[in-house]
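The values are calculated or read from the model by the stated rules, or taken from the named source; none is laboratory data. Computed from a predicted model, the values in this text were never measured in an experiment. Every residue, glycine as well, gets a Cβ built from its backbone with ideal geometry; the counts of neighbours run over all protein chains shown.
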Amino acid sequence: MAKKKRKYRKLERSLPVMRPNAGGIDIGATEIFVAVPADRDTESVRSFPTFTQDLHALADWLQQCRVDTVAMESTGVYWIPLFQILEARGIEVHLVNAQHVHHVPGRKSDVLDCQWLQYLHSVGLLRASFRPEHAVCEIRSLMRHRENLVQMACVHVQHMQKSLDQMNLQIHHVISDITGVTGLAIVDAIVAGNSNPKELAKLRDHRIKASIETVTKSLVGDYRPEHIFTLKQSLTAYRHYQKLIADCDQEVQQRVEAFQSNDDGPTAAAHSSSATSPTAPSFDLHSHLERIFGVDLTAIPGFDVLRIQTIFSELGADMSPFPTDDTFCSWLNVCPKDGTSAGRRIRAPKVKTKNRVTQAFRMAALSLHNNKSYLGDYYRSQRARHGALKATKNAAHKLARIFYHLVKTRQPYDETVFAKLEARNQKHRLHKLQTLARQMGYSLVQANA
């Protein structure tokens, strides 16, 4: 029995066509729908399976139809193989945010997604999402995989703590880190069959603040064999993931060392990494990141090597896709996107984002809470005035502008630039204190030096 052909509704074009050779692709897990201009083939819409041979056949059909640019939605990770094949064929691929497509008015429910994407792309209503260069994408994939490995290792640390709780061993509440030198030494001894609290307490490192009596008391419990077995398996799994993380660090190190910086100047001098977190990579990153960006970004308050590495793995060092700092901050979603109409401000709805670069800037802004620099004063004043949420966003906005300026100009961070602003803030604080004292019937007197 012959396969029944599907009927597709033709779109009524009323807008001027800006891209006559545009196509639209609807990505699925097992089937991909592709639409080309109606005058290029008798069947302007075709479906292809997601096997590699079929993806190459899809690219051949697009070239036969003289399509040089296509638009597709970023659906999970299903778009990546087709994106790479089309990019290798020289076809310009616009990866489109699904929310932007759905917000464009039209009879989307009456036509296939691929036809709707092809029409919107041909009339210039779609904007491609930012995607860094291929070398950065490789590092990004490894760093995201490393993040998953760290999370899995943390789960097994929680399992170790659960086993200790079931045996009523409070050692993980006495020392700060069960995976440190003292914690792992004690856990290894427990797994090996040693249940004497006094002997286990002798494994205490001299840097532990808790006394040996407290450590001994915390190791008195019910050493049941089933809980020791679960503790042993959790410890084995934790060390296995630590080995996987170390292997991942080696892969990242090779790509970071081979990454070509945009600066033709001399290579930066070697520095020791300032990242002291237990989840930090085991190799030096400071000198490589300074070479790639052409400037030491860790001098900015709130930024460390790990945070700069996260931004580099997601963004890269090329800021040319963002013509101005306004566009960069808008992409990060750290600036207001309100509009005006008839002289009145129209508040835009809040946009939720999972941008890892945005999260890095927000975490940097949160770390300014106790910072003694001008940026720390700015964050605290914003928090007192607007609350924690808005203060974090405003401080992240300011950090993003500083970051953009340093990467663009390759100029080192200079705290003296904020000297005038700091003097103005001091003047405002003094005026505020004088006003408050005057209202209470007091007067301020300058203390003798």
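Computed values, structure above
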quantity: Some residue of segment 334-343 being surrounded by 15 or more Cβ atoms within 10 Å (Cβ to Cβ), assigned to a helix (DSSP H, G or I) and touching a residue at least 24 places away in the same chain (Cβ under 8 Å); calculated: no
quantity: Candidates Ala437, Ala396, filtered to the one that is part of a helix (DSSP H, G or I) and in the same structural domain as Thr298 (by TED's automatic domain parsing); calculated: Ala396
quantity: Unique residue being out of contact with any helix residue (DSSP H, G or I) (no Cβ under 7 Å at 6 or more places or on another chain), modelled with pLDDT of 90 or more, under 30 Å from Thr230 (Cβ atoms) and surrounded by 14 or more Cβ atoms within 10 Å (Cβ to Cβ) when the list is Glu147, Glu92; calculated: Glu147
quantity: Odd one out for Ile208, checked against (1) out of contact with any Lys or Arg (no Cβ under 9 Å at 6 or more places or on another chain); (2) part of a helix (DSSP H, G or I); (3) of a type in the set (A, V, I, L, M); calculated: (2)
quantity: Enumeration of residues in segment 344-360 that are under 23 Å from Met143 (Cα atoms) and either modelled with pLDDT under 75 or aliphatic (A, V, I, L, M) (or both); calculated: Val357, Ala360
quantity: Leading residue by the ranking (modelled with the highest pLDDT) among those in segment 64-86 that are part of a helix (DSSP H, G or I) and within 22 Å of the chain's Cα centre (by Cα); calculated: Phe83
quantity: Condition check for Ala365: touching a residue at least 40 places away in the same chain (Cβ under 8 Å), under 24 Å from Val252 (Cα atoms) and not polar (S, T, N, Q); calculated: no
quantity: Conditions (1) over 23 Å from Gly90 (Cα atoms); (2) of a type in the set (Asp, Glu); (3) at pLDDT 90 or above: number failed by Glu12; calculated: (3)
quantity: Meets criteria (within 28 Å of Val150 (Cα to Cα), crowded, with 21+ Cβ neighbours inside 10 Å, hydrophobic (A, V, I, L, M, F, W, C) and in contact with a Cys (Cβ under 8 Å, 6 or more places away or on another chain)) for Ala364; calculated: no
quantity: Residue list for segment 137-161, restricted to those being closer than 29 Å to Val220 by Cα and either touching a residue at least 12 places away in the same chain (Cβ under 8 Å) or hydroxyl-bearing (Ser, Thr, Tyr) (or both); calculated: Ala153, His156, Val157, His159, Met160, Gln161
quantity: Total residues in segment 126-143, condition part of a helix (DSSP H, G or I) and either under 30 Å from Arg19 (Cβ atoms) or in contact with a helix residue (DSSP H, G or I) (Cβ under 8 Å, 6 or more places away or on another chain) (or both); calculated: 9
quantity: Set Lys372, Lys390, Lys350: member being closer than 21 Å to Thr327 by Cβ, surrounded by fewer than 16 Cβ atoms within 10 Å (Cβ to Cβ), in the same structural domain as Ala317 (by TED's automatic domain parsing) and free of Cβ contacts under 8 Å to residues at least 12 places away in the same chain; calculated: Lys350
quantity: Pick from segment 401-416, criterion of a type in the set (Val, Ile, Thr) and surrounded by fewer than 11 Cβ atoms within 10 Å (Cβ to Cβ), ranking: modelled with the highest pLDDT; calculated: Thr409
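Every residue, every condition in (1) of a type in the set (Val, Ile, Thr); (2) in contact (Cβ under 8 Å) with a residue 60 or more places away in the chain; (3) closer than 17 Å to His156 by Cα; (4) touching a helix residue (DSSP H, G or I) at 6+ places or on another chain (Cβ under 6 Å), yes or no:
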residue	(1), (2), (3), (4)
Ile186	yes, no, yes, yes
Asn196	no, no, no, no
Leu200	no, no, no, yes
Asp205	no, no, no, yes
Leu219	no, no, no, yes
His227	no, yes, yes, yes
His240	no, no, yes, no
Leu244	no, yes, yes, yes
